[in-house]
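Note sheet for the following structure.
The values are calculated or read from the model by the stated rules, or taken from the named source; none is laboratory data. This structure is a prediction, so every number in the text was calculated from the model and none was measured. Cβ: placed from backbone, ideal geometry, glycine included. Neighbour counts: every protein chain shown. For the accessible areas, the whole protein counts, side chains as well, though only heavy atoms, and no ligand, DNA or RNA atoms are used. Shrake-Rupley method; radii C 1.70, N 1.55, O 1.52, S 1.80 Å.
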Amino acid sequence: MAALALTSVTALNSCIKEIDPQTSYVTADQAANAPGAFDNFVASITGSLNGEFTYSGSSEYPWDFGYPSFFLQRDVMGQDIVIQESGSEWYSTWYECGTGLGPTYAVCQVPWTYYYGWIKNCNNVIDLAGDNPSGSKAHGLGIALAMRAMFYMDLARMYAKETYTANPNAETVPIVKEDTKEASNPRATNQAMFEFILNDLNRAESLLAGYSRLNVYTPNVNVVYGLKARAYLTMGNWALAEQYAKQAQAGFTPMTREQYLSKTEGFNTPNASWIFGLTFRSSDPNITNNDADSSWGSQMIIEVSGSGCGYASNYIGPKSIDAHLYTTIPVTDFRRMCFIDPAVDEALTGVDETTPAGQAAIAAALGEYTDDPLGVYNTCYNVSSAGGAAYAELKFRAAGGVHDNQYTAFTVAVPLMRVEEMMLIEAEAAGMQNEANGIALLTSFAKLRDPSYTYGLHGNDTYYNTATSAFQNEVWWQRRVELWGEGFATFDIKRLQKGIIRSYSGTNHLNNYQWNVEGVPTWMNLCIVQTETNNNPACTNNETPVPLSGNSTPYTW
């Protein structure tokens, strides 16, 4: 029996509870002793996504705040997000291919603990629902199946060394179902894993047909369609990826310019484009404890300098967009306004922020980006080690535009699936069958962001892999810009077999980590924590990644 201890994140008990991943099922006694157990177990599946220090039980680890933390862990592994400092930045282990990614280190256990804890919650509901549930139990079962599929799909894409299309027999992770009891549980192949995922999604689709949810924080059939679209995209089944991506869009509309760039509700409040999301609540431990510094908002919201708290706003500085990616966004594309133009630094050279004239200059230079220009100036010029505002992100806004109280500012919602992602899956999948149709869909989408868009500007950004067509490169560019910071970067790099480029003239990546890698970097294939492989004799592991030494020779675009 595997000995790795995982955290129970059910709503029945807020304290940490140790479980065994190979016995991930609820017992009859547990169910009998918990009034309203089924409804509580269903609520726990999505209610725990925001994290309650699930990994550590302590507020001292500011990446221990649940599902959105994995967005950043994955995205900083590539090139599109730049961190501010080496070592002291909480996500430096993932950015720098640190030793913590190895199987003998605690950080390696973070995804294992979280994901198998979430899967346990799903398995509890599946076991309690029985074989032929009806009414709310049927809906609860559908929710559990959809979420279990989502978690396993993430795990498969994080741990498999080769993608489904490259090698259906590549190993992913062990599958733990509601009735799994075996001590020896091998890693499922890509093919076996995605068969399992699609079986769950097929059942969820049937069970959630006609189900009307209260809000976007609970899966419905649109979410199931979206998860199917992701699965078929990963498998290279273009016809079904196109079909389900289109079905997922029903009833949803893409964000407008005003919604995208809203200084009070930008990417913190559900709107008509959000198919699925989660929310941080004022009572959550990662908001109430540690001055709310162990939260998504602390990492991604920089407009709270008046509070004295927040890693991005007051301690380290903003995460930034890769300089090259930024320069490829035309000035006519409004998404460029989610990041501060380096010209702002030139305009503010020599400004004295303590004088009325200096404050007026700051307001003039930053007022277009934020309604807290002096606060953002302080964050970018006094807090950030970069010593400037160039490329700093302002995509994720403080709740309600509150800049002086992090307990309010950080109680934001986070999108987990947007209609724009589905539109881009539909475009790519259609284009892989008939390129002209895909180009038409992609152009229609891009013009929502840039009325002057002309197809063909980004097809040459090959990142070493010339096997992908210029069309797929165009879609990938749109995904990188549209979904920046939302957790898709590593998945796309692995799916498209791209390398990364951090070293080039004008790079803003950290010195000694300006790496150019041809092919998928090894650190994007996560290691399984050693305690699992020690106690599960059938479970193999990936190679421990080794960071590169020094900067690479600058790449010429």
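If packing is taken as the mean number of other Cβ atoms within 10 Å per residue, what is the order of 129-142, 286-299, highest first?
Working: 129-142: 16.0, 286-299: 24.9.
Peptide ranking by packing, descending: 286-299, 129-142.
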Q: Using only alpha carbon pairs under 8 Å that are at least six residues apart, calculate the relative contact order of segment 403-526 and give it in whole percent.
A: 18
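Hey, can you find the accessible area per residue of the chain for me, probe 1.4 Å, expressed in square angstrom? Working shown, then result.
On the way: 19010 Å² over 557 residues.
I get 34 Å² per residue for the chain.
Over all directions, the average projected area of the alpha-carbon convex hull for segment 461-557 comes to how many nm²? Numbers along the way, then the final one.
Values: hull surface 32.2 nm².
That works out to 8.1 nm², a quarter of the Cα hull's surface.
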Q. Given H placed 1.01 Å from N in the peptide plane, which residues other than close sequence neighbours of Tyr504 have an amide H under 5 Å from its amide H?
A. Tyr555
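Take the solvent-accessible surface of the protein heavy atoms, probe 1.4 Å, and return the percent of it on the chain that carbon and sulfur atoms account for. It would help to have the intermediate numbers written out before the result.
On the way: 9330 of 19010 Å².
Roughly 49 percent of what the probe reaches on the chain is carbon or sulfur.
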**Q.** Packing-based ranking, highest mean first, of 36-48, 430-442, 473-485 given that Cβ atoms within 10 Å are counted
**A.** 473-485, 36-48, 430-442
Q. Could you give the length gained on full extension between Asn382 and Ser505, defined as 0.36 nm per residue of separation minus the Cα-Cα distance, in nm?
A. 41.7 nm
Q. Cross-link list Lys263/Lys447; Lys181/Lys319; Lys246/Lys395; Lys161/Lys319; Lys319/Lys498; Lys161/Lys228: which exceed 32 angstrom alpha carbon to alpha carbon?
A. Lys181/Lys319
**Q.** For Ala188, distant residues with modelled amide H under 5 Å away
**A.** Thr172, Val173, Ile175
Q. Quick one: Debye curve from the C-alpha atoms of segment 304-409, no solvent, what's log10 I(q)/I(0) at q = 0.14, 0.17, 0.23 Å⁻¹?
A. -0.52, -0.77, -1.35
Q) How large is ³J(HN,Hα), in whole Hz, for each residue of segment 260-274 in order, when computed from phi with the Karplus curve 6.51 cos²θ - 1.76 cosθ + 1.60 and θ = phi - 60°, using x for Gly and Pro? A) 4, 9, 4, 7, 10, 10, x, 6, 9, 9, x, 9, 5, 8, 7
**Q.** Square roots of five times the Cα gyration tensor eigenvalues for segment 192-337, Å
**A.** 33, 22, 16
Q.
As a test of the formula, what do you get for the chain when each DSSP H run with n ≥ 4 contributes -39,500 (n - 2.57) and the sum is divided by the residue count, at 222 nm and rounded to the nearest 500 deg cm²/dmol?
A. -11500 deg cm²/dmol
Q: Between Glu346 and Ala183, with labels modelled 7 Å along Cα→Cβ, what's the label distance in nm to one decimal, could you check?
A: 6.9
Q: Find how many whole Å separate the alpha carbon centroid of segment 51-103 from the alpha carbon centroid of segment 110-187.
A: 23
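Determine one quarter of the surface area of the Cα convex hull of segment 25-179, which equals its mean projected area, and express it in nm² to one decimal.
Working: hull surface 45.8 nm².
So the Cα hull casts an average projection of 11.4 nm².
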Q) Once the Cα atoms of the chain are picked out, what are the Rg and Dmax in Å? A) 22.7, 72
(Q) Could you tell me the calculated FRET efficiency between Thr165 and Thr553, based on Cβ-Cβ distance and R0 = 25 angstrom, to the nearest 0.05? (A) 0.20
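Using a Förster distance of 25 Å, how high is the FRET efficiency between Ser88 and Val546, based on the Cβ-Cβ distance and rounded to 0.05? It would help to have the intermediate numbers written out before the result.
On the way: r = 23 Å, r/R0 = 0.90.
Given R0 = 25 Å and the Cβ-Cβ separation, E is 0.65.
When the chain is fully extended, how far beyond the present Cα-Cα distance does Arg213 get from Thr288, taking 0.36 nm per residue of separation?
Values: separation 75, 0.36 × 75 = 27.00 nm, distance 2.83 nm.
Taking 0.36 nm per residue and subtracting the Cα distance, the gain is 24.2 nm.
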